[in-house]
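Here is the structure we will look at.
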Amino acid sequence: MNNVYLGRKPILDSNSNLFAYEILYKDENQDSVGDYNRHTSASVINSVLNKFCTKSLLGDRKAFVKIDEKFLLHDLIFTVPKHFFIFSIVESVEMNERVVERVQHLHQRGYELAINDITLNEKTRDKYTAIFNEITYMKIELDEVTTFRTTEIIREVQQEGIKIIAANIENSKKYTLARSLGVDGFEGYYFSKPKILINREYLPSRENVLKLYDLLVHDRNIDEITSEFEKNHEITLYLIQYINSGIFEFDTTVSSVHHILTKVGRIPLAQWLMLMIYSKSVSKKEKISPLMLMLRSRTELMENILKTIEPNAESNRLGEAYFVGILSLMGTAFGQSLDKTLREMNVAPNVKNALVNNEGLLGDIYALILDIETFDTEAIADFARKYYLDKDTIEAVVLESMENVNRFEREFTAQK
């Protein structure tokens, strides 16, 4: 039986709020992720609905899934629940009479449709004019060089009620270009790049700060306090920044949140938390960010993959894995490169080397997480072989992480 890989890529609106995912699919018989056909589309949808559980994979969001002409015209398409998926028609589909009629029929039945990853110009715009009334989204690829005419065409399409999503935005340069063009959304992990988030604060809630304060002043068990910090990634980021402010001089490097709490002490931490309560760093109307969801995913994966490889890993070892996950996006949260952030910190060498050089098991796991995010299935398979994991193990860990991240977001939202 072949290895099957299923991944999801975030799609954000113009305010950088996560509103949907693109579902990526690949098996060992495919040469690339782009080899989409009727079988592939059906496999993706079947996996989401049955094997992976829609709620676990998507939470409360819809999924863009690529479809070709054969799947579009096959009556199997009408068996797909319309409230889970957005059909994204690949560029190779010709707009002939049968295709236009099928698109109109799907629209009448309440399905949402999109055009997938095209370079938008007069030619491609004219190609889809016949179905402008039926299309909700158009995903476009951006060239390095765009013209004023590109902006005009985007405006023309938007005036038809179609939302433009800039696809494959993975760096600050493309993000800046996309914003200048006035698109309605972005697909990709650009939000994990420091330049995007300069001067942007990630704000912990008052309730969580007060809960931690209560644990500290009532002399609760250090493991319980550590666990509560590790549930609150925003506060942990501020904690790491705090201990590197010059107030403390540790005689040893720090390698985990537990280690920090032991070194700093309960009273100084409680005092610091009270300062947060009265500062502008605490928000009354906070909204969870895609970066925090990504941070949650990374810490989940770091710990769970380590436990898979080292079932008897002790709490300090798991704490190091969590620390690698939390530090991996700290530079982004505070608007600077990871290298610069780590140079300013007194971090244990094995943690630092895992992040900078992918050294050791923690470094291998961190590299794997980046491969999962970029859907590098060959690298994922290499990791599984290196650590003698069967083909379903990593898939199960990734799915568990998705479930936990979705649960985390639901619980966060329910508190508001």
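The values are calculated or read from the model by the stated rules, or taken from the named source; none is laboratory data. Note that this is a predicted model, so its numbers are computed, not measured. Using ideal geometry, Cβ is built from the backbone for each residue, glycine included, and neighbour counts are taken over all protein chains shown.
Of the residues making up segment 103-154, those that are farther than 23 Å from Pro81 by Cβ, buried (at least 19 other Cβ atoms within 10 Å of the Cβ) and of a type outside the set (A, V, I, L, M, F, W, C) are Asp117, Tyr128. Given the criteria among the polar types (S, T, N, Q) and under 24 Å from Pro290 (Cα atoms), does Thr136 qualify? Considered against the rule, which asks whether it is among the polar types (S, T, N, Q) and under 24 Å from Pro290 (Cα atoms), Thr136 comes out as yes.
Matching residues to (1) modelled with pLDDT of 90 or more; (2) surrounded by 18 or more Cβ atoms within 10 Å (Cβ to Cβ); (3) not polar (S, T, N, Q):
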| residue | (1), (2), (3) |
| --- | --- |
| Leu368 | yes, yes, yes |
| Ala379 | yes, no, yes |
| Lys386 | yes, no, yes |
| Lys391 | no, no, yes |
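For the criterion of being charged (D, E, K, R) and at pLDDT below 90, Lys307 fails.
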